[in-house]
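The values are calculated or read from the model by the stated rules, or taken from the named source; none is laboratory data. All figures in this text were calculated on a predicted structure; none of them were measured in a lab. Side chains are part of the model used for accessible areas, which takes the heavy atoms of the whole protein and leaves out ligands, DNA and RNA. Shrake-Rupley method; radii C 1.70, N 1.55, O 1.52, S 1.80 Å.
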Amino acid sequence: RVETEDVVAVVPAVRETAVWDFADAVGEKDLAKALRVLRQLMFQKESHIGLVAGLEKRVSMLIVLKRVLDLGWARLQRNGTWGQLAWQASPDADTVLGCLGKDDPRTIHPYRAFRLAEQADRFTPRELIHARELVAAARERMVTTGLPPFLILELLLAKVLGRRAR
């Protein structure tokens, strides 16, 4: 019997997929997976600036989608393992989201929009704003300090995804 882990162990990862998996692991709040994928990307000599830029873009999209969900401009509709992001007609949504141009979440493939909205729904607005601040600070540290960039990324993941003691 062949398991998913067996395939992952013997099939080389596609570089673009791994970068996508990294951002998805962060969006899914899966620290262990995010660290595992980050280490794989380190081994592949992926650009640390590219990774942090990808996280900036992902967190920004999650902030937009979290606000969209909170305002009721869209809602998650689940049907077993599938789902969709159901958009509600709203002149306010048209005005605000229309200003985003190519980053308007209504223009994303419906399945991808649903997956991203699910990720956004895992965070509070405060967590997402804090994550954006942490990502920006990590990027700045990468270009202003002598710390190893991937150490900065690992610390970033721990701060964004680690559980806080109550």
## Note on the structure
Too long for a 26 Å Cα-Cα cut-off, among K102/K159; K45/K102; K66/K159, are K102/K159; K45/K102
## Note on the structure
Excluding ligands, DNA and RNA, the carbon-plus-sulfur percentage of the accessible area of the chain with a 1.4 Å probe reads 57 percent
### Summary
Among [x] 1.00; [y] 1.17; [z] 0.97, the entry matching Rg/Rh (Cα atoms, Kirkwood Rh) as calculated here is [x]
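At 1.4 Å probe size, with every protein chain present, just tell me what the per residue accessible area of the chain comes to in Å².
Numbers: 10380 Å² over 166 residues.
Normalised by residue count, the accessible surface of the chain is 63 Å².
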### Query
Taking only Cα atoms, what is the 0 to 90° angle, nearest 10, from helix 125-144's long axis to the longest principal axis of the chain?
40 degrees
### Query
What angle, in degrees between 0 and 90 and rounded to the nearest 10, separates the Cα long axis of helix 31-43 from the longest principal axis of the Cα atoms of the chain?
60 degrees
### Nearest 10 degrees, 0 to 90: helix 48-71 Cα axis against the chain principal axis
30 degrees
